[in-house]
Amino acid sequence: MDFTFTEEQRAAVEAARAVFSDVAPDRAPSPALTPGAVAEDIDRELWQELARTDLLGLTLSPDHGGAGLDPIALCLVLRESAKVLARVPLLESCAVATTVQRYAEGGLAAELLPRVATGELILTAAANGRSGHDPAELAVTARPYGEGEGEGEGSPQGGGAAADGSGWVLDGVQTAVPWARVADRIAVPSHTARGRAVLALVPRTRDGVTLEDQVSTSGELLAEVRFDAVRVEARELIETEGCWDWLRSLLTTGTCALALGLGERVLAMTAEYTGKREQFGFPVATFQAVAVQAADRYIDLRAMEATLWQAAWRLSADAGGPLPAADVAVAKIWASDGVRRVVQTAQHLHGGFGADTDYPLHRFHAWAKQIELSLGPATAHEEALGDLLAAHPLG
């Protein structure tokens, strides 16, 4: 299997490294020392720098001001962003924008995507459902405008409904929506009366949308977003089959890329520390017990890397059937367990120094735990993979 990256993909990595080279993991207050969210806003300076270097439109076509690259390139850039704990909605905004480009009909893509590429418009996705465990598309209902309305309520008044009365009405709750307070539009998966999954691009300020603050394990500000008879225009809702499944897979694969980048940075920190820390006159890195643990974590990272690129390649290659879902599930299994093992070993090998809030390891630990929680337990992915393989025998 050849995972050699193209010249364009390598150029994207170099551009990302140049942007992130000046970003320190402690640009925001420590989550261990901050009651509540570490900040109310994203890192605007970094966001503008990403826009200036064309990294926000990485996967968008040149027609929309983008570079025309694939999900592999996005994952490469996300990997670099996690090494510095970049506080920007790079994954969410790029994933939603790519999905709009791929599935939206009419003028929605032309309206939104050029502004995404320049950093003017921020997108996010509600992917956690009501509780974080149930399918996200089941947490919100979508019905055609006018269906179930009382007498005299058929004429739309603002709120996004079209002048001819067409459009949709959303009701429900999505929890732990990242960057919801700063996003201009939220991609909301929902289901119709026939159980079909659709995806709505809802402006955050639309009538009927309310946000309740939530704080993640990493200290970032999330939101529980409620939709109370929220009207969306027909062109703001994507009905194409497979749209939500593809966005969910891209979000998950991108999260695996974040886990890999974070794990690589943490292992590098551990190698540097154990190479300098001495006991009995020798660096602790030369002790067999330390070297074996570090080697095990290196193996975890290489497995995370191989499964990540396999999943990203499936998405980039537009492979049909059950294979993309299976590869994404495998990547989730390794990323969820692997990032946890890496930071646990790092804390162990750092000793008490790993808990020092003047040292950045505790920040990486908090981010790793948030990534692990967002991916879900590996055992659940193993069960889902087993069900998938049973329903679609590969032989």
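The values are calculated or read from the model by the stated rules, or taken from the named source; none is laboratory data. Please read all numbers here as calculations on a predicted model, not as lab measurements. Note that we place each Cβ from the backbone using ideal geometry, even for glycine, and neighbour counts take in every protein chain shown. Accessible surface is based on the protein model in full, side chains and every heavy atom, while ligands, DNA and RNA are left aside. Shrake-Rupley method; radii C 1.70, N 1.55, O 1.52, S 1.80 Å.
Some values worked out for this structure:
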item	result
Carbon plus sulfur fraction of accessible area for segment 10-144, probe 1.4 Å, in percent	49
Ala268/Phe5 FRET efficiency (R0 25 Å; Cβ-Cβ; nearest 0.05)	0.75
0 to 90° range, to nearest 10: angle between helix 108-117 axis and the chain longest Cα axis	30
Interchain or long-range residues, amide H under 5 Å from Ala200's placed H	Val188, Ser190, Ile238
Heavy-atom surface of the chain, accessible at 1.4 Å and reported per residue (Å²)	44
Listed candidates [x] 21.2, 67; [y] 21.8, 85; [z] 20.3, 62 - label of the one calculated as Rg and Dmax of the Cα atoms in Å	[y]
Protection proxy ranking, peptides 23-31, 116-124, average beta carbon neighbours within 10 Å, highest first	116-124, 23-31
Nonlocal amide H pairs with Val215, under 5 Å, H built at 1.01 Å	Leu222
Helix axis angle, 243-276 relative to the chain longest principal axis, alpha carbon, degrees	20
Relative contact order of segment 189-326, pairs being alpha-carbon contacts under 8 Å that are 6 or more residues apart, as %	17
In order through segment 204-219: 3J(HN,Hα) via Karplus (6.51 cos²θ - 1.76 cosθ + 1.60), integer Hz, x for Gly, Pro	4, 8, 5, 3, x, 9, 10, 10, 10, 5, 9, 10, 7, 4, 7, x
Under Karplus coefficients 6.51, -1.76 and 1.60, residue-wise ³J(HN,Hα) of segment 222-228 in Hz, glycine/proline x	10, 8, 8, 10, 9, 10, 10
Sulfur and carbon atoms: percent of accessible area, segment 233-328 [1.4 Å]	58
Shape metrics for segment 273-318, restricted to C-alpha atoms - Rg then Dmax, Å	17.0, 56
Distance between modelled label sites at Glu120 and Arg196, nm, 7 Å Cα→Cβ extension	3.3
Contour excess over end-to-end distance, with Cα ends at Thr205 and Gln344 and 0.36 nm allotted per residue	45.9 nm
In nm, spacing of pseudo-spin labels at Glu45 and Arg235 (7 Å Cα→C-beta vector)	3.9
Rel. contact order, % - alpha carbon contacts under 8 angstrom, at least six apart, the chain	16
Highest-fluctuation residue, Leu262, Leu85, Leu373 considered, GNM on the chain with Cα pairs under 10 Å	Leu373
Highest to lowest packing among 91-99, 58-66, 376-384, scored as the average C-beta count within 10 Å	91-99, 58-66, 376-384
Charge-dipole axis of segment 1-153 as Lys and Arg at +1 and Asp and Glu at -1 on Cβ define it, positive-most pick from Thr53, Cys75, Pro29	Pro29
Extension gain (nm, one decimal) between Ser30 and Leu138, 0.36 nm per residue minus Cα-Cα	35.4 nm
Length released on extending from Ala317 to Glu382, taking residue separation times 0.36 nm less the Cα-Cα span	21.0 nm
Vicinal HN-Hα couplings computed from phi for segment 14-26 (Karplus, 6.51 cos²θ - 1.76 cosθ + 1.60; Hz; Gly/Pro x)	4, 5, 5, 4, 5, 5, 7, 5, 9, 9, 9, x, 9
